[in-house]
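Chemist: Below you'll find the structure I mean.
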Amino acid sequence: MLQTQTIQTREIVHNFYKALSYRELETLAQLFAESIDWDIPGNEELAPWLGKRTKRNEVKEFFKLLWQSVEPISAQIEHILVEDDFAIATGHFSSKMNRSGQIFSSMFSAHFTVRDSLIVRYRLQEDSHGLVEALMLPIPLSLSVL
């Protein structure tokens with residue numbers, strides 16, 4: 001059973017990244033359970049897509065907010081490690097922040113728990129300080145000299 005669960009978890013994580021790369025919202029949403037333990041820590045005032053979510057429809061809202069706010073530049077998954085119902089994906093990405101026009105690059109670690117062929121727990125760690133800096137509007141240089 002353990003090997004079967006590991007294979008299933010790997011397939012779900014693979015399907016997650018495939019749907020994410022094509023921005024297939026409905027496919028992504030269907031990979032999650034109705035009740036989810038989701039957390040992407042960070043400054044929710046500057047980045048309203050961050051934070052905790054507990055329902056599938058809130059996960060859909062996450063992707064809508066993210067895609068309205070961020071233009072992807074590049075992403076690479078370096079490793080996907082799977083054991084039973086748990087997986088970790090690591091990699092790095094770069095995105096343009098629509099609010100500021102600045103580029104945000106970060107390594108990441110995503111943690112998945114899969115049960116009954118659905119993601120029931122999701123965590124994402126990224127450079128949250130770098131994200132805040134990338135979202136801040138540049139301070140214009142004053143033309144006057146005191």
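What follows is calculated from the coordinates using simple rules that are stated; it is not laboratory data. Note that the coordinates shown come from a computational prediction; the quantities given were computed from them, not determined experimentally. So basically every Cβ, Gly included, is an ideal-geometry build from the backbone, and we count neighbours across all protein chains shown.
Chemist: Where both residues lie in the range 2-135, what percent of DSSP beta bridges are antiparallel, nearest 5?
Modeler: Here the share of antiparallel DSSP bridges comes out near 90 percent.
Chemist: Taking the radius of gyration and the Kirkwood hydrodynamic radius from Cα positions alone, what is the Rg/Rh ratio for the chain, to two decimal places?
Modeler: 1.05
Chemist: THR27 versus LYS64, label points 7 Å from Cα toward the beta carbon: distance in nm?
Modeler: 2.1
Chemist: Take VAL70, VAL132 and order them by how many other Cβ atoms sit within 10 Å, fewest up front. The partial results should precede the final answer.
Modeler: Numbers: VAL70 20, VAL132 15.
Lowest count first: VAL132, VAL70.
Chemist: Something else: Using Cα positions and a limit of under 19 Å, work out the lysines in reach of LYS52, with same-chain residues fewer than 8 apart set aside.
Modeler: Counting by Cα, and skipping residues close in sequence, LYS52 has these lysines nearby: LYS60, LYS64.
Chemist: Which net charge results when you count Lys and Arg as +1 and Asp and Glu as -1 among the other residues whose beta-carbon is under 15 Å from that of ASP37?
Modeler: +2
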